[in-house]
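Working notes, beginning with the structure itself.
The values are calculated or read from the model by the stated rules, or taken from the named source; none is laboratory data. Computed from a predicted structure; not experimentally measured. No Cβ is skipped: glycine too gets one built from the backbone with ideal geometry, and neighbour counts run over all protein chains shown. Surface areas here come from the heavy atoms of the whole protein model, side chains and all, with no ligands, DNA or RNA. Shrake-Rupley method; radii C 1.70, N 1.55, O 1.52, S 1.80 Å.
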Amino acid sequence: MSRLLVSVFLVLFSFAIAAEPLQSPAEPDLANSRYLALIKNNSASEVEMLFERASLLADSVNDLSSYEPIVFVLHGEEAHAFRSHNMERYKSLLELAERLEQRNIIDIRVCETWMRINGVDRSELPVFVDTVPLGPSEELRLRNQGYLYF
């Protein structure tokens, strides 16, 4: 059964990649766009660097309430950093993520298919993290709604 899920996931992921070529991240213009984080290396350090970039960007904005948060769809190894048994190891990342979520600067979404494949229960994730059925499909949906890569 798990091999079937992995196969289905890989096929769906390949369609999502084929349908939408990767582009370089846009230089953010928060006043005119909605953004989706482009995660290339699937590492916790890459995600933390993007969180820090989002924080710096938000610090330059006068009225954050009029902007959409930057969406982070996690469906690779980087998502392990948000599991409860890794909280001490990634404490600074998680504290930054929670602060940015509370200020509505970012919106973190973890792929439920990735969770099933990796044996991750929803209770292992912080309460500020949302889930989506399939990460690559969520990214494609957001791109179709006009989100630009950050």
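On full extension, the segment bounded by Lys91 and Ser60 gains 8.6 nm, given 0.36 nm per residue less the C-alpha separation. Close amide H contacts of Leu36 (hydrogens built in the peptide plane, cut-off under 5 Å, sequence separation of 5 or more or a different chain): Val71, Leu148, Tyr149, Phe150.
Fully extending the segment from Gln102 to Arg116, taken as 0.36 nm per residue of separation minus the present Cα-Cα distance, adds 2.3 nm.
Within the accessible surface of segment 60-102, defined with a 1.4 Å probe on protein heavy atoms only, the carbon and sulfur portion equals 41 percent.
Per the Cauchy relation, a quarter of the hull surface: what is the mean projected area of the convex hull of the alpha carbons in segment 111-150, in nm²?
Average of the hull's projected areas for segment 111-150 equals 3.4 nm².
Based on alpha-carbon centroids, what's the gap between segment 30-86 and segment 101-150 in Å, whole number please? Using only Cα atoms to place each centre, the spacing works out to 11 Å.
How would you order 82-89, 128-135 from highest to lowest mean count of nearby Cβ atoms within 10 Å?
On the way: 82-89: 14.1, 128-135: 17.9.
Taking the mean over residues of other Cβ atoms within 10 Å, the ranking is 128-135, 82-89.
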